[in-house]
1. Taking springs between alpha-carbon atoms closer than 10 angstrom, which of B:GLY162, B:GLY207, B:GLY62 fluctuates most in the Gaussian network model of chain B?
2. Full-extension gain between A:THR93 and A:GLU39, please, as 0.36 nm times their residue separation minus the C-alpha to C-alpha distance.
3. Which lysines, on any chain, are close to B:LYS229 with Cα under 19 Å apart, when same-chain ones fewer than 8 places away are left out?
4. Report the Cα-based extents of the protein assembly as shown along its three principal axes, largest first, to the nearest Å.
5. Given the DSSP H assignment, sum -39500 (n - 2.57) over each helix run of at least 4 residues in chain A and divide by its residue total; what's the result at 222 nm in deg cm²/dmol, nearest 500?
6. If I model a spin label as a point 7 Å beyond the Cα along the Cα-Cβ vector, how far apart are those points for A:GLU404 and A:ASP352 in nm?
7. Using 0.36 nm per residue, how much length does the chain from A:SER487 to A:LYS15 gain when fully extended, once their Cα-Cα distance is taken away?
8. List the GluC sites (Glu not before Pro) within segment B:149-239 that DSSP assigns to loop and that have no more than 13 neighbouring Cβ atoms inside 10 Å.
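None of the figures in this text is laboratory data; all of them are computed from the coordinates on show. Note that the coordinates shown come from a computational prediction; the quantities given were computed from them, not determined experimentally. Note: ideal-geometry Cβ built from the backbone for every residue, glycine included; neighbour counts use all protein chains shown.
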Amino acid sequence: MHPAPSSYVERAALKNYLLDHAYDEMFIGPGNLHPHCRELLEHFISLPLDELKRRKQAADLSFLNQGITFAVYGREEGTEKIFPYDLVPRIITADEWETVELGLTQRITALNLFLKDIYNEGRILADGIVPREMVYTCKHYRRQMAGLQVPRNVYVAVCGTDLIRLQSGEFVVLEDNLRVPSGVSYMLTNRRVMKRIFPELFRNYNVRPIEQYTQILLGSLRSLAPEGRPEPNIVLLSPGVFNSAYFEHAYLARQMGIELVEGRDLVTHDNIVYMRTTNGLRRVDVIYRRVDDDFIDPLAFRGDSVLGVAGLFNAYRAGNVTLANAFGTGVADDKALYAYVPDIIKYYLSEDPVLNNVETYLPTRPKELQYVLQNLDKLVVKAVGESGGYGMLIGPQSTKAQQEEFAQKIQADPRNYIAQPTISFSRAPCLIGDELEPRHVDLRPYILFGDKVTIVPGGLTRVALNRGSLVVNSSQGGGSKDTWVLSR
Amino acid sequence: MLSRVADSLYWMSRYLERAEHTTRLLDVNLNLMLDETPASAERRWQRALQALNRPKDTEWTGEPYSLTQALTFDTENKASILSCIIAARENARQVREQISTEQWHRLNSLYLQVTRPELQIERQAEDFAKGISSPSDFLQSVLEAVHQFQGVTDSTMNHGEGWQFIQVGRYLERASATALLLEAYHADLWEHPELIGEGYEYIDWMGLLRSATAFEAYCKVYTADLTPKHIFEFLLLNEEFPHSIRFSIDSVGNALEKIQGDSGKSRAMALQRLSGRLKASLSYSSVDEVLNQDVVGYLESIQSQCRAIHTTIYELYVDYSIQTALAG
């Protein structure tokens, strides 16, 4: 590791800023800043420490007062925490964003075609591009969706794709989230707070706005309404106040001006979905649902769910209500299927992927299984069905016993695991205590798909706030920071 | 409006009103206690407990500060101020997108003020019990916060259906609480004037007025001449004082009418009848008529009518069956 750039090193705030092989979002190398970060750094260094702390406190208080919190599972019930927030914005240039936008549009288009295909003709399976068993063994595959027409053939109306940067600075896709991606409210509130506490900095950069997100989301949802419903009643279905993302559900519903409903607010009768109002029952046309497939209809899926609406799936099948996202989209963000996405893009669009995948080994392929078992100390192993940073083995940070345990698990159920090289993804400066220190970050832009694909310029930059940690999930010590996409 | 939302707004409002009432009652009694003998203190606190409907597991043990502490901070006790604030905030959280940001901020700050940091509260609670710090500052700050919340509610929220449900919750709670308060004073002070210590009569009746923030308003109408009959008339039948039972029931009736107008229910007949009958009985009664009959029975009948209104609201707007809704 090298200490931070020479001309800045004597500045107290940077004395712990270390660079190594990982890409740094601020420094090209010792003594060398990315040009677009110069003003940002100058500004931060010029502010007295007290002032920085004061602004940080103002930001924290603002989050707490607004109730921008998430619930942590497995602890005392009702525990609310603020989502930790870092003051230093992460900057993405116009050129970089152009590539990201192009690549994500291509990816969602292809994945959407893939979903339509596997739930209908199944050409890609017949042509042997994706193995049938890969699809049919996925626990998110919903046979109930087979042969069903969805409005505009849009399965994925809202997608959050996790990107990371390699050492070269290239953005690659780490994971697609095609079921109920969350976090967009943090993207929006981070920006609001940032504008309030650093107006002078904000003004000097040409940052593209993101506040139109909720309006575009509403437009996308409206465009997916069932036919013959010109004034659709759109609602947001939330599991309720104990869900970790409840703040976000309430926030989005309020910003869009639509009702926030829970399962107990909805009833079905003759395949029509209604909500219970003080004025009797009112028909519902589009449901932006933030409840997982499994829990959404106790008749069609998990019978023990109390969050869902009995009969919802039949109403959906009858075409009387639209759900966004559709059921069964999880088959396309399966961690093992991920390895096939480049082929899926080529198959449907006859194009090369603009954004690459992280190299991925599938234990279902015998050769790769051998490789994985021999290199457990170097690889990251992920359980296909887990998310939120759980069920992972990070090879270089693991003990022999843990590696042994995973070796057995992988052999017992190869379909349930994937392995990837340990990537030291990029780091960005964060204000830790009194100093700027580099921390690993990823980027989750949000892609909206209604009558067309729209990506709001920005996203949620998640930060692994623990030194050296690669896990950015909020449940495991992650935080976030504002993400600035510059205009030309 | 979603039935669940109406339900949450109604209870948010009721719980806050309850917290305000308990807070004020404690504050008034702690203050008056300083002026009297230990013997009359016991009677006063028993009466206060009666006015709060004898919350479960709270008994008078001769220690005003520990009683205050239990009624303020004990979250095991569902009637404590803290429990009510937590419940109000929990209801607000469930309809976070229905209330204004200002409302949420005000209520959430109150919640954070009374629940966090835990250490501060514990210390405060201990000091309470020992009588070291005056609980009055704390109680005052709760009252202020609740008043601010009401102001913000009136000035930042649409005065639509949701706001009307907030009114119904507040005034229905207020009407029952005031009836209970009058009942407690009647059963004790009115029926047994001989037990009042020499020279303490004035203080006791003033306590009743102040428990309903009515002292100044009363004086404007009847001057500082405190007579039990006038006090009853004022708290029961005054048309213009916002804490009187009549004012509260009028407000409930008005809000219900607006709600019926908005939702155009013809099935609302039963509800209209209930609230109209209570309203008429308060509008056209004279205090002499009331005092010549079984007063406690009369006050209890007001409370049971309030409960009936509550139940009918639920049957009509919240808990209806799908069959009735589809048929209607």
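1. Among B:GLY162, B:GLY207, B:GLY62, the largest GNM mean-square fluctuation belongs to B:GLY62.
2. On the way: separation 54, 0.36 × 54 = 19.44 nm, distance 1.40 nm.
Extending this stretch completely gives an extra 18.0 nm.
3. The qualifying lysines are B:LYS220.
4. 98, 70, 52
5. Details: 15 runs with 148 residues, N = 488.
Taking each H run of at least 4 residues, the total per residue is -9000 deg cm²/dmol.
6. Each label point lies 7 Å from its Cα, and together they span 4.6 nm.
7. Values: separation 472, 0.36 × 472 = 169.92 nm, distance 3.20 nm.
Going from the current span to full extension adds 166.7 nm.
8. Details: sites: B:GLU161, B:GLU173, B:GLU183, B:GLU191, B:GLU194, B:GLU198, B:GLU201, B:GLU216, B:GLU233, B:GLU239; in loops: B:GLU191, B:GLU198, B:GLU239.
For GluC sites (Glu not before Pro) across segment B:149-239 that sit outside H, G, I, E and B with at most 13 neighbouring Cβ atoms in 10 Å, the list reads B:GLU191, B:GLU198, B:GLU239.
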